[in-house]
Structures are given as C-alpha cells and as structure tokens.
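Here is the structure we will look at, set down as structure tokens.
The values are calculated or read from the model by the stated rules, or taken from the named source; none is laboratory data. Being a predicted model, the structure only gives us computed values, none of them experimental. Here the Cβ positions follow ideal geometry from the backbone for every residue, glycine too, while neighbour counts run over all protein chains shown.
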Amino acid sequence: MRDKYDVVIVGAGLSGMYQLIKLRELGMNIRVLEMGSDVGGTWYWNRYPGARFDSESYSYGMSFSKELLQEWEWSEHFSAQPETLRYCGFISEKFDLSRDIEFNTRVTGAHYEEARNIWQVITEDKIYECRFLITAVGVFSVPTWPEIEGINDFQGEAWHTARWPHHPVDFFGKRVAVIGTGATGVQVIPEVAKTAGTLTVFQRRPNYCLPLGNRPITEEEQADIKGRYDEIFAQCASTTGSFLHGSDPRSALSVSDEEREATFGRLYNMPGFALWLGNFRDCGTDQEANDFVSEFVRRKISERVNDLELAEKLIPLDHGFGTRRVPMESGYYEVYNKDNVRLIDLMATPFQRITKAGIETTGENFDFDLIIYATGFDAIVGSFRNMDIQGRKGAKLKDYWEDGPVTYLGVQVPGFPNLLTLVGPQNASTFCNIPRCIEQNVEWVSDLMAHMMAQGYERVEAAQTAAEAWVEHSEQMVAMTLIPNTDSWFMNVNQNLPEKKRTFLAYAGGAPRYKQKCDEVSAAGYTGFDFA
Ligand code: NA7
C-alpha cells in the first residue's frame, strides 16, 4: 500500500513549514518529508559556532501571524543559530506542524505518472503518491567538500560547517585548520580563534567582508520593534532585496569625493548590509561607481590588519565589491593580528594533498588536530540535481537543466506538471532576505492551488514559451549588474563540482519587481500556465 496525499512537500525549513500551514487552510491532505530529525532546514544543519543572521532579526522573522510576532522575542539584532533553530521549533509547536511531517526521510526521486496525473515520491523506505509535489529544499542544502587528494586520509577530527555535529566541538588548545573564507568561514574563524591553540586559515580568493554590528536588543528596543512590525515589513517590501536597507537614489558619480567618502563611512559603520544594499544606486551596476566602493573597503581592511603584507593577502583585487556574496563579520580581520593565527594564501601555495596528520601545500606541511571545511554548497540547484526528478515521458529534470535552469517565474518547469519549486532557481527568494520572499512564494502558490480547486483543475504546467521568456527576462536583469563579471555560486561556479554552464542561478530584478510579475500573472488568470 502506498501512502496517498494531495500534496507532498519536500523539506521542513521555513518554506516547507509555511507551505504546510497555508495548504492546511485549503483542507488539503499533506505530507512533509524532511531529511533532518527536526524542523529548521538551514538552521538545523548549519550549527557551527558563529552561525547567525546577516539580516536584522526582526526583518527575518515570519510576518504572517501577528500573534507569532508578539509572542516571539529576538535577543539580538542579528540572531545566532541556536536561537533561530528554537524559533523554527516554536513555529512548529505553535501551529502543530510535526503531525504532518516525517523526519529522517530523504527523498531520492520523484516520478510523474502521466496516465494518473500523480507524482510518485521515492524515499529510502517507501513511495508516496501525491497530486502536487512542492519542493522546499532551500538554497544551500548540498554541502561541497574540496577536491583535494587524500581528503579521507586525515586521522584527526574533520567537520563541514553544514554538517556540524549536534555535540559541542572543543577547540581548546588544539591545532585547527579552517578551509574557506566565504560567509561561513568568516563567521566561524573568530569563534575558533578564541580558544584554539593555533588556527591556520586556508584562503583561496579573499572577499570584501563588512562589520555586522551585532548587539543585544534592549527592553526599550524590544517594545519599539513589537509596535512597529507593520512599518518594518513595509520597509522590507519596498527594497530590492527585502532587507531594511534600500538603495540611495543618487549616483556615486554625482556627488563630491568628500560626500561619497562620508556616505561610505556612515554606511560601513551601520549594522548589517547597509554598505552593500543601502549604497548609491549604481555601486552594483556601474564599474566606476563600484571601483570607488571597492577601494573604500580595501582601505578599511588594511586599517584593521597590523601587518601590511598580510593585509594585502586579505584584500580582494580580482572582483568588485558586492559582485559576490558579501560576508558579514564580527572581529574577523582583527583575528589575524593574534600570534596564534596564520593565513595561508592558496593562490601562492596551493593544496597538494591532505595527509594522515594534516595538510600539505606546495609551500609547507602542516599538522592539525581538527580540520573545518567551510567550503560552501552546490547552491540553489544542487538539491534538484540530487533527486531523480522525472516529468512527462520520463524526462529528467537534471538533463533539462543541463545548460542552466529553465523555469517560469522560478516556480514551475515545463514538462513537469504539478511540480512547484519554492525558493527555486530564477526565483527572487534566492537573492532576498529569504523569509520575506518565502512568504510571497508560498502565498502565491497557495493562491494558485485555491484557483485550481475553484475551477476544478487537476493539473497545472508552465508553457515552454512562457518559461523561455522568463529565462530571457532573468538574463536581461542580471546583465544590468556587475555580477556576471566574476565567478561565484551566483553564477553556478563551484570548482569542487564537475564544470557546469556558467549561468546566473537567482533572479536579479529585485523582489518588488518579481512580486509584481507574479501578481500580474495571477491577476490575468495565470497567463503562461496550461491547466487541465
Ligand atoms: P561560499 O560562499 O561558497 O564559500 C566557500 C569558501 O570555501 C570560499 O572561500 C571558497 O574559495 C572556499 N573553497 C571552496 N573550495 C575550496 C577549495 N577546494 N580549496 C580552497 N578553498 C575552497 O560558501 P559559504 O558556506 O561561506 O556561504 C554560502 C552561503 O551561505 C552564503 O553566501 C550565505 O548566503 C549563506 P573561493 O572563493 O571559491 O576561492
């Protein structure tokens, strides 16, 4: 006997949880399948020390329930992972979600059966049947390890930050290596440096990191935040990335050198992504404007690192500020002023192999007790590639996306009826203060379901022409930015994986434009979708 449902949702992170809540309202019979042993998604897996929001906590929390907003209290302006995971658990309990969730259940594939218009969802233990398959698999769910010879030979402790153990990891007095200096590495490194005997950081390409400016939320602030949620979310809805930081309408080239410098200085000292997202409007689109801000951040880095030669290694010269994800840090650069911390520049001395005792580069052999891999993810599309998703006539999604994702609005794929991809490629959610876009995505998908129920439709499928137009529009949007000028996970580049087509995976047109496009489509009777 196969378990039969109206909807199977893959993933019990925030998007899967909220989708469950919304579809219950339609009286649907739903099963959520989750690989972890609890809810939380990203916050369940990424338990490494230092993991925390880069979004202001009160701009990140779910906004759909006024009661939830009043009941939950964030303790810091940028909440740390343990608190955020508790928050996910709090939502699950409040809305009694776990009765519809199967934990420790990994979906390995899903096949569409055209004759019966059903999806067969395959897990390691059994097969579920459903009419609608909704993926809520997150953006960073498939960690990638570096391709280094001997990686399994190391006899000490080794952890990937995205597969951090549930027990505490002790760094005290140990010789610790961290590989990777992206958003994750930059969070974990200062934490390790606090107690490690020695810390050796292996850096390939340096990033432009900004001070996070985290601090506890005072009682007065708490009351103020709770009284201003409508205003906070309205502000988020008005900005490109759904953060509190909206861009300055002026061009960086239209002001005097003094004014520009003063603006950069003010934004640098503000908490969060202010300098990235609240800057002059052309810093991310015009090379000259971008050069100004890049140079500003380079100067800031050199001011914070005592040793000039070391500072030079930490300063990016190969790309412009904000063209890759900007890591947010708390005392990151100052770590390199400590005697027990070393930076190894892999551009000068690349890895040769990992040994039983540690790491060999072309310049030196190192012995370690613990290696931390902060080496990133098969971002956005990795989870889709990891599942054997087959649509009409057995067509495989991974083949269809071989040359880059093809979607309509980032939520549907031609040839894959009744498959809905929350937070999928070419969807604004992947480039957004994510819960803000999750709410938009989930509500839009729920409205689509309600529409289908009202009309008596049982199948929805994006038209090929509509998807092609969406891909073209997405390409036009990113071409207006400087993002394609450098390699990053934004551009589907991950050197730890077989080479893939260089293509932009997210949606660069901004969340307000994306929402408007989605709303226009629904208001016009779901143009671009075929129903049956
Ligand atoms: P990222 O941003 O992809 O960073 C991964 C880091 O690991 C980055 O510094 C990489 O260097 C480095 N890396 C990866 N593979 C290697 C090898 N083989 N050798 C040396 N260094 C390597 O992942 P994060 O986890 O930091 O952040 C992911 C997202 O999570 C982030 O953007 C947030 O939105 C949340 P590289 O830059 O490729 O030279």
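Here are some notes:
- Boolean, Val178 is within 16 Å of the ligand (Cβ to nearest atom), in contact (Cβ under 8 Å) with a residue 40 or more places away in the chain and not in a loop (DSSP other than H, G, I, E, B): yes
- Qualifying residue in the stretch 256-269 (condition: free of Cβ contacts under 8 Å to residues at least 24 places away in the same chain, assigned to a loop (DSSP other than H, G, I, E, B), surrounded by fewer than 21 Cβ atoms within 10 Å (Cβ to Cβ) and out of contact with any Asp or Glu (no Cβ under 6 Å at 6 or more places or on another chain)): yes
- Residue selection: Ala234 satisfies the criterion of being within 24 Å of the chain's Cα centre (by Cα), at negative phi, of a type outside the set (Asp, Glu) and not in a loop (DSSP other than H, G, I, E, B).
- Taken together, the residues in the stretch 181-217 that are of a type in the set (Gly, Ala, Ser) and within 13 Å of the ligand (Cβ to nearest atom) amount to 3.
- Every condition in (1) touching a residue at least 60 places away in the same chain (Cβ under 8 Å); (2) touching a strand residue (DSSP E or B) at 6+ places or on another chain (Cβ under 8 Å); (3) surrounded by fewer than 23 Cβ atoms within 10 Å (Cβ to Cβ) is met by Asn29 except one, and the failing one is (1).
- Members of the stretch 305-338 found to be surrounded by fewer than 16 Cβ atoms within 10 Å (Cβ to Cβ) and in contact with a strand residue (DSSP E or B) (Cβ under 9 Å, 6 or more places away or on another chain), listed by number: Gly331, Lys338
- When the stretch 60-83 is limited to residues that are within 16 Å of the chain's Cα centre (by Cα) and in a helix (DSSP H, G or I), the one that is nearest to Val186 (Cα to Cα) turns out to be Gln81.
- Test result for Val493, in contact with a Lys or Arg (Cβ under 9 Å, 6 or more places away or on another chain), of a type in the set (Val, Ile, Thr), within 16 Å of the ligand (Cβ to nearest atom) and at negative phi: yes
- Taking the stretch 315-430 as the region of interest, none of the strands (runs of 3 or more DSSP E) fully inside it holds 2 or more residues being at pLDDT below 95.
- Exclusive hit being over 20 Å from Val137 (Cα atoms), touching a Ser or Thr at 6+ places or on another chain (Cβ under 6 Å) and within 16 Å of the ligand (Cβ to nearest atom), set Arg353, Arg342: Arg342
- Selection from the stretch 139-169 of residues that are touching a Leu at 6+ places or on another chain (Cβ under 9 Å), among the acidic types (Asp, Glu) and either in a loop (DSSP other than H, G, I, E, B) or at pLDDT below 95 (or both): Glu147
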